[in-house]
Amino acid sequence: MPIRNITYLVTVDGDSVDIVSCEVSASFKTFVSKASFTVYSANSSWLGKEVEISLGYNGSNTKIFEGYVDDVAYTRLPGTYEITCSDILRLAEKHYIVTDSLEEPWSRENITAEDLVGDLLEEAGITSYDGYTSHFTFGVDGKVEFNITAVSDAISQICNILATNVYAVNGTAYFRQTMPVPTGSPSKTITDYIQADYTYGTEQLRNKVVVFGKKDIYAEASESSPYLPTGFYQTAIVSSELIDSQSMADSSADYNLELYNKLTEELKLDIEGDPSIFVRDTIHVTNATIDMDDDWFVYSVKHSMDDTFTTSLYLRR
């Protein structure tokens, strides 16, 4: 078997740097992806500079992170700098919508969900954006208004209503309605692992969703669950003044019920480092030792590289 040497390319403001170790993590429900790396030499001028990280073997690297430096911390022993970074959505967390007057907030009307999210991201300086066609319109009965709130919080309100996500991949923000279940053909098959843990439970299951909107708008959706006592309902509540039509409330209840009304099956795998696996991928896991031969949704990924390279996967179906 050919020898595989771990290789990387890390750049700060376009200049490559030598690193001691690095870690990159992303998750389905986490708005901002994070990265950190350790170096022997750094300075405060790196703050706010663009960072790119690629990992691989024998010079064949895959870019797994693009973002900005948040912090530069020095540790005297062993004399290294810890550099922490966030992807572009950190700008949406840090940027607050604040107008000159409380009586005149930031507003839009008769605007599709994807355009509303795009306009909010642009407020934070994020212009590389791809939104799916949602078929939802906000601001039909009065304006959609935001003031004295972070852009990320405004976007979260929209995502909670429509069971959608906003996430970034290599410098581009995406708005999608993706359910955390395996779909389509797997991008790859995993047969070997370092460690595996399989669990399932009902803690996150919600088989009833209640939606409150503007004025007297109300909707609910429910289904009996074979995993709960007969007639018992675990309820999720969605409440927002942004819901200004009955059809939106009805759809919100249906979408969130589909999202939450399921047994949570989780498979945690540590495998030899594989930079080609990303959150939201569908992968196939087959291994006789753990009696597994199924497709899984990649819920979170953590790549860790020092003397070795390991990828930790949190999978769901």
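The numbers here are math on the coordinates, done by the rules we state, and not lab data. Nothing here was measured: the structure is a model prediction, and the numbers come from that model. Using ideal geometry, Cβ is built from the backbone for each residue, glycine included, and neighbour counts are taken over all protein chains shown.
Odds and ends about this structure:
- For the chain, with +1 on Lys and Arg beta carbons and -1 on Asp and Glu, the positive-most of S86, Y8, Y167 along the dipole: Y8
- Among beta bridges that DSSP assigns inside the chain, antiparallel share in %, nearest 5: 90 percent
- Overall form of the chain per C-alpha gyration tensor (a/c, 1.5; a/b vs b/c): oblate
- Test item: Cα-centred dipole of the chain, Lys/Arg +1 and Asp/Glu -1 on Cβ, debye: 460 debye
- Residues with amide H under 5 Å from that of K49, placed H, sequence gap 5 or more: V69
- 19 Å reach of a label modelled at D13, 7 Å along Cα-to-Cβ, counting backbone N of the stretch 55-70: 66-70
- Cα centroid of the stretch 239-317 to Cα centroid of the stretch 165-228, whole Å: 7 Å
- Calculated FRET value between V72 and N147, using beta carbons and R₀ = 35 Å, to 0.05: 0.55
- Around E52: net Lys/Arg minus Asp/Glu count, Cβ-Cβ under 13 Å: -3
- In the chain, helices alone account for a calculated mean residue ellipticity at 222 nm of -4000 deg cm²/dmol, with every DSSP H run of four or more residues adding -39,500 (n - 2.57).
- Of K143/K215; K143/K208; K29/K262; K29/K49; K49/K94, pairs whose Cα-Cα distance is over 24 Å: K143/K208; K29/K49
- If you take all other residues with their beta carbon under 11 Å from the beta carbon of K215, and give Lys and Arg +1 and Asp and Glu -1, the sum is -3.
- Summarising the amide proton neighbourhood of I190: residues at separation of 5 or more, or on other chains, whose placed amide H is nearer than 5 Å comprise H284, V285, T286.
- Tensor-based shape of the stretch 6-86 (alpha-carbon gyration tensor, a/c under 1.5 rounded, otherwise prolate or oblate): oblate
- Rg to Rh, two decimals, where the stretch 129-275 supplies the alpha carbon set and Rh follows Kirkwood: 1.03
- Three-way shape call for the stretch 69-209 based on the alpha-carbon gyration tensor, with the a/c threshold at 1.5: oblate
- Along the stretch 83-97 the Karplus relation, 6.51 cos²θ - 1.76 cosθ + 1.60 evaluated at θ = phi - 60°, assigns HN-Hα couplings of 9, 10, 9, 9, 6, 4, 5, 4, 4, 6, 6, 7, 8, 9, 7 Hz to successive residues, with x for each Gly and Pro.
- Per-residue 3J(HN,Hα) values for the stretch 144-154, derived from phi via the Karplus relation 6.51 cos²θ - 1.76 cosθ + 1.60 with θ = phi - 60°, read 7, 10, 9, 7, 6, 8, 6, 4, 4, 5, 4 Hz in sequence order (x marks Gly and Pro).
- Around the amide H of Y57, modelled in the peptide plane, lie the amide H atoms of T7, all under 5 Å away and 5 or more residues distant in sequence or on another chain.
- Largest GNM mean-square fluctuation across N165, N261, N58, computed for the chain with C-alpha springs under 10 Å, falls on N58.
- For the stretch 93-138, chymotrypsin sites (Phe, Trp or Tyr not before Pro) are listed when DSSP marks them as loop and at most 14 other Cβ atoms sit within 10 Å of their Cβ; the list is Y132.
- Per-residue 3J(HN,Hα) values for the stretch 279-288, derived from phi via the Karplus relation 6.51 cos²θ - 1.76 cosθ + 1.60 with θ = phi - 60°, read 4, 5, 5, 10, 10, 10, 10, 9, 6, 5 Hz in sequence order (x marks Gly and Pro).
- T99-Y233 FRET efficiency (beta carbon distance; Förster radius 45 Å; 0.05 resolution): 0.60
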